[in-house]
Amino acid sequence: MVNSGPFDGLSATETKKRITADLAAKGQGKLAVNFKLRDWLFSRQRYWGEPFPLLWVSREDYAKIPADSEVREFLPKEPVTCQLGGVEVCAVPLTSKQLPLTLPQVKSYQPSPTGDSPLSKEPKWTEVWYDVASGATVSQSQPQPGPLWIKASRETNTMPQWAGSCWYYLRYIDPKNAEALASKADLEYWGCPDFYIGGAEHAVLHLLYARFWHRFLHEIGVLPTAEPFKKLFHQGLIMGEDGEKMSKSRGNVVNPDSIVKDHGADALRMYLMFLGPLEASKPWNSDGIIGITRFLRRLWRLTVDETTGKVSTKISADGAESEELVRELHRTIQKVEKDIEMLQFNTAISQMMILMNVAEKSPALRRATVEDFVRLAAPFAPHVCEEIWQRLGHQESITAAGWPKLDAAKLVETTVEVIFQVNGKVRATAKVAKDISKDALLALAKANADVLKFTDGKPVVKEIVVPGKLVNIVVAG
């Protein structure tokens, strides 16, 4: 900070703290946290969703709730009211004894032309008698049980996905527990989700509300942790081919059903991962998926004889494979495993394409190599790989087959490619043992037919040998 009196020389962060402290000391202000809580639609006119556990009663009947009623502890200080059909009604919450509130079975859950919820078509469920003393309810299809029972209507809107999706991960831990959300032992054992993946808009919507629910449950002693998620990751959008966000109004929406029909679900799934970094927004390219479709067809042809539908004749238990193929397989195992952990799916697929190029050149393939390749591709193209796996003779699903084992020793290259130069110009290349001596490497270069074309009969001025890289023979004339 400069030209700021007593705050000169301080950082912006420290200045904020000092100014806040000074204002608080003078009684002119205090530190406050403003949450970006947005108004959001919490009710839907649909059947599925969590029902609101409340009833609507007339103001006259609301006044009949006695002071010693079991309902009193659940009532707000001031009545919550709204207008229904031009009549003012008051909200009455269900008591704990009336929970959980279960939705009725309906014949049709289609929306109505009037915008009313499908639940409004179920009067036996919506219209009830309400006991102002205990909070109990029975359908109005039955006679009024007694003088303290008043007419009430259930709320027919339901909560949207926000209500359930903010805490469902906790219930997964112990879904059949009838006494609690989840047992303390299970909550402490499983902990919170390690990873939360969602769009950037979640940061001030779903994520914020999930944190609210979680912290509330923590503060009342239900949960051992205050925060719900350990890591947050934002995936990028798939944009339209015009580079704009997909929307019906722009007419640039891509229908996945038509893509699946033309190319298959695996091709669509794999192409979405291949488009680019997961966190980046990427434009859709209808022509780009063709390359992935070709790759999957190549994988099929590599393993299955298209004429017979059986395992390719190139594959055998002890097929003679090149050192290059073995090394590339283990390089692929290493990279795909690492890239999946880092969510770098596009580079993992690129590495599998490199392995495909090497495998196709091999005249023979070991069954173990092919099976490792298919297991590597399975998370990206599960349907094709499952079919190949079954044709390879396996009874169990590929999902139970385990992950290929990396052999680090197979990554070590025993040969290296060197270049042979004459007067600084490349005339030939050769693969040689990594530990070849200088003399042997020089002799190999001198005997190379392509080198001899430029050195034969000419006096050698200088010989330069760089082990593992090059040989340069300088000649006169």
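The values are calculated or read from the model by the stated rules, or taken from the named source; none is laboratory data. Treat the numbers as computed from the prediction; the structure is a model and nothing was measured. Note that each Cβ is placed from the backbone with ideal geometry, even for glycine, and that neighbours are counted across all protein chains shown.
Filter region 399-412 for residues that are exposed (fewer than 12 other Cβ atoms within 10 Å of the Cβ) and in contact with a Lys or Arg (Cβ under 9 Å, 6 or more places away or on another chain); which is farthest from Leu329 (Cα to Cα)? Within region 399-412, the match that is farthest from Leu329 (Cα to Cα) is Gly402. Working only within region 357-398, note down all residues that are in contact (Cβ under 8 Å) with a residue 60 or more places away in the chain, crowded, with 19+ Cβ neighbours inside 10 Å and aliphatic (A, V, I, L, M). Of everything in region 357-398, those that are in contact (Cβ under 8 Å) with a residue 60 or more places away in the chain, crowded, with 19+ Cβ neighbours inside 10 Å and aliphatic (A, V, I, L, M) turn out to be Leu365, Val370, Val374, Ala377, Ala381, Val384, Ile388. Phe212 satisfies every condition listed in (1) over 30 Å from Glu341 (Cβ atoms); (2) modelled with pLDDT of 90 or more; (3) of a type outside the set (Ser, Thr, Tyr) except (2).
Name the one entry in Gly146, Gly135 that is part of a loop (DSSP other than H, G, I, E, B) and surrounded by 17 or more Cβ atoms within 10 Å (Cβ to Cβ).
Details: Gly146 fails: surrounded by 17 or more Cβ atoms within 10 Å (Cβ to Cβ).
That would be Gly135, the only listed residue that is part of a loop (DSSP other than H, G, I, E, B) and surrounded by 17 or more Cβ atoms within 10 Å (Cβ to Cβ).
Taken together, the criteria place Ile333 among residues that are crowded, with 20+ Cβ neighbours inside 10 Å and part of a helix (DSSP H, G or I).
Being within 29 Å of Val204 (Cα to Cα) and either without any contact (Cβ under 8 Å) to a residue 40 or more places away in the chain or not assigned by the TED database to the domain that holds Phe212 (or both) narrows it down to one of Leu101, Leu31, so name that one.
Details: Leu101 fails: within 29 Å of Val204 (Cα to Cα).
Testing whether each residue is within 29 Å of Val204 (Cα to Cα) and either without any contact (Cβ under 8 Å) to a residue 40 or more places away in the chain or not assigned by the TED database to the domain that holds Phe212 (or both) leaves just Leu31.
Across region 431-451, the qualifying residues are those that are within 23 Å of Glu324 (Cα to Cα) and touching an Asp or Glu at 6+ places or on another chain (Cβ under 7 Å), and the one among them that is surrounded by the most Cβ atoms within 10 Å (Cβ to Cβ) is Lys434. In region 231-274, which residue that is touching a strand residue (DSSP E or B) at 6+ places or on another chain (Cβ under 8 Å) and charged (D, E, K, R) is farthest from Glu188 (Cα to Cα)? It comes out as Asp242.
Given the condition more than 17 Å from Gly164 (Cα to Cα) and in contact (Cβ under 8 Å) with a residue 40 or more places away in the chain, answer yes or no: does some residue in region 243-254 qualify?
Of all residues in region 243-254, those more than 17 Å from Gly164 (Cα to Cα) come to 243-254.
From what's left, in contact (Cβ under 8 Å) with a residue 40 or more places away in the chain: 243.
Yes, because at least one residue in region 243-254 is more than 17 Å from Gly164 (Cα to Cα) and in contact (Cβ under 8 Å) with a residue 40 or more places away in the chain.
Scanning region 104-132 for residues that are in a loop (DSSP other than H, G, I, E, B) and surrounded by fewer than 17 Cβ atoms within 10 Å (Cβ to Cβ) yields a count of 13. Of the listed requirements (1) part of a helix (DSSP H, G or I); (2) assigned by the TED database to the domain that holds Leu272, Leu208 misses just one: (2).
Of Asp174, Asp242, Asp186, all but one fail to be surrounded by 12 or more Cβ atoms within 10 Å (Cβ to Cβ), within 30 Å of Trp284 (Cα to Cα) and out of contact with any Cys (no Cβ under 8 Å at 6 or more places or on another chain); the exception is Asp242. Count of region 1-35 residues, restricted to those that are surrounded by 10 or more Cβ atoms within 10 Å (Cβ to Cβ), in contact with a Ser or Thr (Cβ under 9 Å, 6 or more places away or on another chain) and assigned to a loop (DSSP other than H, G, I, E, B), is 5.
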